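The values are calculated or read from the model by the stated rules, or taken from the named source; none is laboratory data. Because the structure is a prediction, the values reported are computed rather than measured. Backbone-built Cβ (ideal geometry, glycine too); neighbour counts: all protein chains shown. What goes into the accessible areas is simple: the full protein's heavy atoms, side chains included, and nothing from ligands, DNA or RNA. Shrake-Rupley method; radii C 1.70, N 1.55, O 1.52, S 1.80 Å.
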Amino acid sequence: MSSRPIDLRSDTVTLPSPAMRKAMAEAEVGDDVFGEDPTVNALQEEVAGLLGMEAALFVSSGTQANQIALRGHTRHGDEVVAHPMAHIVRAEGGGGGALAGIQFRPVGEDDGTMDAAKIEEVWQSGENPHFAPTRLICIENTHNFAGGTLWPPARLAAVVDLARRKHLALHVDGARLWNAAVAQDVKPAQLAAGADSVAVCFSKGLGAPVGSAIAGSKAFVARCLRFRKMYGGGMRQAGILAAAARYALEHNLARMAEDHANAARFAAGLRQSKHIQLPYGAPQTNMVFFGCTHPQVSLSQLVAALKAQGVLVGQTYSTLARAVTHLDVSRADIDRAVAAVLGILKA
Ligand SMILES: *Cc1c(COP(=O)(O)O)cnc(C)c1O
């Protein structure tokens, strides 16, 4: 066994390659708070183009992008409809309430999508003083905690249509929108069509060390600029980071298909054991959630035994572990990881 662990805990663990580091080292930079960093400006234009939006803003993290979007679309006391397991609801330190002063109204299916008719049922115009006015719908594509799942086009179109009819803003948390586009073989802009804002990450499957972006109309992004400053996200010679993101978009986007094939291979491998349970079925993108029903080996024991063999997976819930494929995991690594699981459980 090699000494380098096979790290399937998250696609955030990817390390910048020598070529990416070279692009960073050579980046032309300036003071981005003055709008004078040419590499940041180039990235922002590129991302806006890829997402079919007028403008984009480079920000420090996916959480910052989402929080700026919440603040930018709403007023204190508004209601925001989102999936109860959405990252923006449960994994951002309570930022929606603390920073934007909004309250979430959970609506969602087990597959991470939302049913437009159910959103319409909870929608409030704001005329009745008992109820917080619904201002914004947030969707997550791919949906992380539902298994890296994709929004089927018809379901997405129904939510876009509802948002239009009810004059609601629509925000797409597309931390892994790149994976969705590759998996569905569509342009990222197609998955953002009809949305008022989109958040994307460069630091997950794309393999850049730091950075996200928020895209939308020129007016919305101008508003976001103020909240980015307010939230401490104005960075100076950020072109060093933007260069990594530009490199990642050029070199690491199309190859995500390999990550999806590796996730499928991992899931198929695990299925050889009758003690492994895949509650979400076959993976749709780069994540495999699995449970362990072995009479003598608990899930925590399985995760610990894998770690001892240099295979790292995350235990997301008490009964579910998560393995995420990414550019630093090869097909051979997947085969080793599968063999490790089968060995511990004796298939
Ligand atoms: C990771 C993630 C984020 C936040 O990204 P950070 O850069 O870690 O703040 C937002 N949404 C989803 C769905 C994510 O998976």
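Estimated at 0.36 nm per residue, the fully extended path between Ser298 and Arg165 surpasses their Cα-Cα distance by 43.0 nm. Measuring nothing but protein heavy atoms, the accessible surface of the stretch 18-251 at 1.4 Å probe radius is 52 percent carbon and sulfur. Across the stretch 66-154, the volume of the C-alpha convex hull divided among the residues equals 92 Å³ per residue. A simple spin-label model places the labels of Leu15 and Ala117 5.2 nm from each other, with each point 7 Å out along Cα-to-Cβ.
GNM, the chain, Cα, under 10 Å: largest mean-square fluctuation among Gly93, Gly72, Gly239? In the Gaussian network model the winner is Gly93. Loop-located GluC sites (Glu not before Pro) across the stretch 102-190 with a Cβ neighbour count of 15 or fewer within 10 Å are Glu109, Glu127, with loop assigned by DSSP. Considering helices alone, the calculated mean residue ellipticity of the chain at 222 nm is -12000 deg cm²/dmol, with DSSP H runs of length four and up weighted by -39500 (n - 2.57) and normalised per residue.
Put the Cα centre of the stretch 62-108 next to the Cα centre of the stretch 159-185 and the gap is 16 Å.
Considering only Ala199, Ala158, Ala146, the mean-square fluctuation computed in a Gaussian network model of the chain, springs between alpha carbons under 10 angstrom, is largest for Ala158.
Quick check: the distance between the Cα centres of the stretch 221-276 and the stretch 301-347, to the nearest angstrom? After rounding, the separation between the Cα centres reads 21 Å.
Work out which trypsin sites (Lys or Arg not before Pro) in the chain are exposed loop sites (DSSP not H, G, I, E or B, at most 10 other Cβ within 10 Å) and give the longest gap free of them. Longest run free of exposed loop sites: 1-273. Neighbours of Leu249 by Cβ distance under 15 Å: Lys/Arg scored +1, Asp/Glu scored -1, total +2. Using C-alpha pairs below 8 Å separated by at least 6 residues, the relative contact order for the stretch 255-345 is 33 percent. Under the convention that each Lys and Arg Cβ holds +1 and each Asp and Glu Cβ holds -1, the size of the dipole of the chain around its Cα centre is about 680 debye. Summary value for the chain: 25 percent relative contact order, contacts being C-alpha pairs under 8 angstrom separated by 6+ residues.
For the chain, the square roots of the Cα gyration tensor eigenvalues, ordered a ≥ b ≥ c, give a/c of at least 1.5 with a/b no greater than b/c, which places it in the oblate category. The relative contact order of the stretch 1-126, computed from alpha carbon pairs under 8 Å that lie at least 6 residues apart in sequence, is 14 percent.
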